[in-house]
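Note sheet for the following structure.
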Amino acid sequence: MDSRDFIRLVGGGVVLAAASATAACAPAGADPRAAWDNPGAGETDIRRKALSFAILAPNPHNMQPWMADLRTPGEVTFYVDRTRLLPVTDPFNRQIVIGFGAVLAYFQMALRQFGQSAEQTIFPDGEAHPLLDDRPIARLRLLGEVQAQPDPLFPWVHERRTNRNAYVDRPVDAAAFADLIGSPDVQGTLDPARVERLKAQVYEGARIEAHTPAAHQESVERTFIGAKDVAAHPWGISLDQPVMSAMNTVGILTKTKMATPGTTAFDEALKFLKTGADTARGFVWITTPQNGRVDQIAAGESYGRLCLVAASHGLAMHPWSQGLQEYATQKPVYDALHKELAPDGGRIQMLARIGYPKAKIPPAPRRGLDAQIRSA
């Protein structure tokens, strides 16, 4: 949330004083964003080196649910950590699988950057329906050195961000937009009338989720407030800016209040989302003809690349997933979005607002490479 809004809410003095005190005594310890600092440095195993970049991929609620098994020489097998799912808002694990698609895309890009290639098999032991199980998501067998040119988008893996803040009042450059929708499965709009309709629809999805207790509580439980809490939980939704820590210290921003309609924390969170929707300068979306696991992986690969295209043009991008989710209270928004964006059929897998950021933001925390390698 915008720190100025909160300072105005409480008169400034208490929060400013607490923010200064919090910043002054911020705990030393593990840096939850260390994985972004020179990824792959010192790694001699090409698989680990590529994974150092792959784990920077976008994923739902920043759950980072992937585990990589490296015990077979020359292979990487990806599994899901089923303790890191979103059973309420993602009841069929669709969004989790999309996140795996982005990881696989970045892993392959990193291999190519370092002169390697891999043969990729999706769900080698069969697709898991209706929920993911202990079967592997993907297996990659390294093929050795190749002469292919590095992917021009790879340098942007390290620069990619999910920016949920308000965007500036500036139209999206036409050439940049054309680049964004350059893939057959990616569509988008800058049309003012259509953008206005989508602003209302995506915010309605967010409002419904906030007022669906189980769905909202799932996000609250995965939110960590303050530097100490985020350092202890380098995943999920992180609120560790000094003003957030200060509001937590003085009791304005707590998980209990975030979950309670009518509190400042709850109301301001919705206001933050409304401002984000209202400042969208365009939307992009990814649709697949079917909704099988392979389709979801493909959508994730496309979304991972789409994020890098946006970053290369200085564009901010923020996925709005609430209205695309499969729990009952979202059905009116789900139907409206599909009528608007996929009138001829298909499954909208991803929908994101785009615009230009007000300022550069830090990356989301990461658990680190070793935490995501399976050893048994």
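The values are calculated or read from the model by the stated rules, or taken from the named source; none is laboratory data. Note that the structure is predicted; figures quoted are calculated from it, not measured. Virtual Cβ from ideal backbone geometry, glycine too; neighbours counted across all protein chains shown. Remember, those area values only see protein heavy atoms, side chains included, never the ligands or the DNA or RNA. Shrake-Rupley method; radii C 1.70, N 1.55, O 1.52, S 1.80 Å.
Figures for the structure shown
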read-out	value
Extreme residue, modelled with the lowest pLDDT, among residues of region 143-158 that are closer than 24 Å to PRO58 by Cα and in contact with a Lys or Arg (Cβ under 9 Å, 6 or more places away or on another chain)	PRO150
Residues within region 333-343 that are in contact (Cβ under 8 Å) with a residue 60 or more places away in the chain and out of contact with any helix residue (DSSP H, G or I) (no Cβ under 7 Å at 6 or more places or on another chain), tallied	1
The listed residue being open to solvent by 40 Å² or more (accessible area, probe 1.4 Å) and either at pLDDT 95 or above or part of a strand (DSSP E or B) (or both), out of TYR334, TYR303	TYR334
Test for ARG207: is it modelled with pLDDT of 95 or more, closer than 20 Å to TYR334 by Cα and not hydroxyl-bearing (Ser, Thr, Tyr)	yes
Restricting region 101-139 to residues that are on the phi > 0 side of the Ramachandran plot and out of contact with any strand residue (DSSP E or B) (no Cβ under 6 Å at 6 or more places or on another chain), the residue that is surrounded by the most Cβ atoms within 10 Å (Cβ to Cβ)	PHE123
Residue identified as closer than 17 Å to ALA200 by Cα and not aliphatic (A, V, I, L, M) among GLY368, GLY323	GLY323
Cβ pairs under 6 Å, 6+ apart, first in region 250-261 and touching a residue at least 12 places away in the same chain (Cβ under 8 Å), second among the small types (Gly, Ala, Ser) and outside any loop (DSSP other than H, G, I, E, B)	VAL250/ALA18; LEU253/ALA265; MET258/ALA265
Looking only at region 253-271, and only at residues there that are outside any helix (DSSP H, G or I) and hydrophobic (A, V, I, L, M, F, W, C), the one that is farthest from ILE225 (Cα to Cα)	ALA259
Test set (1) modelled with pLDDT of 95 or more; (2) open to solvent by 60 Å² or more (accessible area, probe 1.4 Å); (3) within 22 Å of the chain's Cα centre (by Cα) - PRO261 fails condition number	(3)
Residue list for region 225-235, restricted to those being closer than 18 Å to ALA371 by Cα and either among the hydrophobic types (A, V, I, L, M, F, W, C) or open to solvent by 50 Å² or more (accessible area, probe 1.4 Å) (or both)	VAL230, ALA231, ALA232, HIS233, TRP235
Residue count for region 236-252, restricted to those that are open to solvent by 40 Å² or more (accessible area, probe 1.4 Å), under 15 Å from ASN165 (Cα atoms) and in a helix (DSSP H, G or I)	0
Subset of region 272-300 that is assigned to a strand (DSSP E or B) and of a type outside the set (A, V, I, L, M) - its residue that is nearest to PRO357 (Cα to Cα)	GLY282
Leading residue by the ranking (modelled with the highest pLDDT) among those in region 21-40 that are open to solvent by 50 Å² or more (accessible area, probe 1.4 Å) and in contact with a helix residue (DSSP H, G or I) (Cβ under 8 Å, 6 or more places away or on another chain)	ASP31
